[in-house]
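The values are calculated or read from the model by the stated rules, or taken from the named source; none is laboratory data. This is a predicted model, so every value here is computed, not measured. Glycine also receives a Cβ, built like all others from the backbone with ideal geometry; neighbour counts cover every protein chain displayed.
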Amino acid sequence: MPAISRSRTSATGQAADSPAIDRASGSPAARDISGSTRSDNAPDTGTADIGYHADATASTTPPAFSVPPSTSGPTVLHVDATAGDDARSILDALDASTPWKTIGRALGAGGAESGDTVVVGAGTYDEAVQTTQPGVTLTASGAVIVTRPAAARPS
C-alpha cells in the first residue's frame, strides 16, 4: 500500500507550511470536504487544502466538475473587513469565503482589472481608497462605511 503523507504546517510545530495548504478552489464546506490533512488532525478550514483528508466522511454530493478558477475576463472579487486577509491570492478572493481584508488590496496591483466587480462586505474600512484602473465596479453587500485614516486627514 502506498504511503499517504500529511501536510506539514507550522501550526503543528513543523518548520514550514506545505504548498498544498489552502490551495483548493473553495472552502471545505462549499466543496463538501471533511477530515484533516494535518498531522494533529485539526479540521481543514479557510480555503480547502489539496490532498488526502484523514477521517473524512463520505461526500454527500458528487464533486462539481468546473473550469478551474481563472482571472481572465470579468471577475467578481470579495472584500470583508472582518474575515478578510490581504495575503490571500486573487484566486482566493474569487470565493466569498476567502476574501481580501481591504478595498485597497482589491484595487491595487494584482487586484481588480477593468470590467471586474469588487463586492465589499458590510463593515467599516479605515483606508484612503484610490485606483487608477478604469471600469471597476464596487458593490456594497450591506452597510459599508469608508473613513479616511487619521494620517490622511488634513490638520
Practice task
Using the structure shown, decide if ARG31 is touching a helix residue (DSSP H, G or I) at 6+ places or on another chain (Cβ under 8 Å), crowded, with 16+ Cβ neighbours inside 10 Å, farther than 30 Å from THR124 by Cβ and modelled with pLDDT under 90.
Solution key: no
Handout entry: Within the range 70-91, considering residues that are surrounded by 15 or more Cβ atoms within 10 Å (Cβ to Cβ) and out of contact with any strand residue (DSSP E or B) (no Cβ under 8 Å at 6 or more places or on another chain), the one modelled with the lowest pLDDT
Key = THR71
Fill in the blank from the handout: If we ask which residues in the range 105-155 are of a type in the set (Val, Ile, Thr), part of a loop (DSSP other than H, G, I, E, B) and farther than 19 Å from LEU91 by Cβ, their number turns out to be 3
